[in-house]
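The values are calculated or read from the model by the stated rules, or taken from the named source; none is laboratory data. Values in this document were obtained by computation on a predicted structure and should not be read as measured data. Note that each Cβ is placed from the backbone with ideal geometry, even for glycine, and that neighbours are counted across all protein chains shown. The accessibility values were calculated without ligands, DNA or RNA, using every heavy atom of the protein model including side chains. Shrake-Rupley method; radii C 1.70, N 1.55, O 1.52, S 1.80 Å.
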Amino acid sequence: MGVAGGNGLDLINPATTDAVFGYDINGSYLRACADRHKATLGPRLQLVQTAIDRALRVPPVGLLIANLIIEYLGIDEFAAFAAANHHHIGTLSCVTQLNQAASFVSATQYAASFDALESISSDIDPVNLADAMNKSGFKHVLTLSYPLHNGKTLIRQDFRSTAD
Ligand SMILES: C[S@@+](CC[C@H](N)C(=O)[O-])C[C@H]1O[C@@H](n2cnc3c(N)ncnc32)[C@H](O)[C@@H]1O
């Protein structure tokens, strides 16, 4: 979810993975993602330009990764999406960002390009996310914290669908 240019897809082993679906609202990002990964993933890589919200339905997947996207959707919309799809998802792994001493977009030479994004993102409380996911049919199974040098911390939370 929110695959952007496909950072991390290089870690997928094509020999053990049947299909990789990438969803994003931004078609330019998806084209960059295709350029980077079509050679290794071939027809396994299926990129879908769409808004992610409670109306979206995904095909059955063992693992659904939602990194740095819940900040844009908000917990309510993301949890509604998860509830609507929980029979089709095995593990749902989310990364959100705690911004104790920094803004959502890190200070780099490119930061100004993201000014518009900052206005539509909001900080996510991991406890509130876990509560909402629990009500959407997902059991909280793992939390890991990754403190960064710039005062931010990445929080990974994994949830297992309780659907049979
Ligand atoms: C901060 S980037 C995260 C990219 C990637 N997941 C990562 O961790 O590096 C957020 C991505 O979510 C996409 N996005 C934001 N809101 C969206 C929405 N409502 N529907 C679909 N994609 C959205 C943006 O286009 C962008 O590619």
*Fluctuation leader among Ala130, Ala34, Ala15 - the chain, Gaussian network, Cα springs under 10 angstrom*: Ala15
*Solvent-accessible area per residue for the chain at a 1.4 Å probe radius, Å²?*
55 Å²
*Among Leu68, Ser161, Leu41 the positive-end extreme of the charge dipole of the chain (Cβ point charges)*: Leu41
_Using a Förster distance of 22 Å, the FRET efficiency for Leu148-Ile120 (Cβ separation, nearest 0.05)_ = 0.50
_Let's see if you can work this out: charge +1 on each Lys and Arg Cβ, -1 on each Asp and Glu Cβ, no other charges. What is the dipole magnitude of the chain about its Cα centre, in debye to the nearest 20?_
420 debye
*Could you work out which residue, out of Leu129, Leu11, Leu154, moves most in a Gaussian network model of the chain, that is, has the largest mean-square fluctuation with Cα springs under 10 Å?*
Leu11
*What is the spin-label model distance, in nm, from Val58 to Thr17 if the labels are put 7 Å beyond Cα along the C-beta direction?*
1.3 nm
*With r as the distance between the Cβ atoms of Lys139 and Glu77 and R0 = 30 Å, compute the FRET efficiency 1/(1 + (r/R0)^6) and round to 0.05.*
0.90
*Please build a GNM for the chain, connecting alpha carbons under 10 Å apart, and tell me which residue among Phe78, Phe138, Phe21 fluctuates the most.*
Phe21
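Answer rounded, prolate or oblate for the chain, using the Cα gyration tensor with square roots of eigenvalues a ≥ b ≥ c: rounded when a/c is under 1.5, else prolate when a/b is larger than b/c, else oblate.
Values: a/c = 1.57, a/b = 1.06, b/c = 1.47.
Oblate, since a/c reaches 1.5 and b/c is not below a/b.
Hey, any idea what % of the chain's accessible area is carbon plus sulfur with a 1.4 Å probe?
Heavy-atom surface of the chain belonging to carbon and sulfur, 1.4 Å probe: 55 percent.
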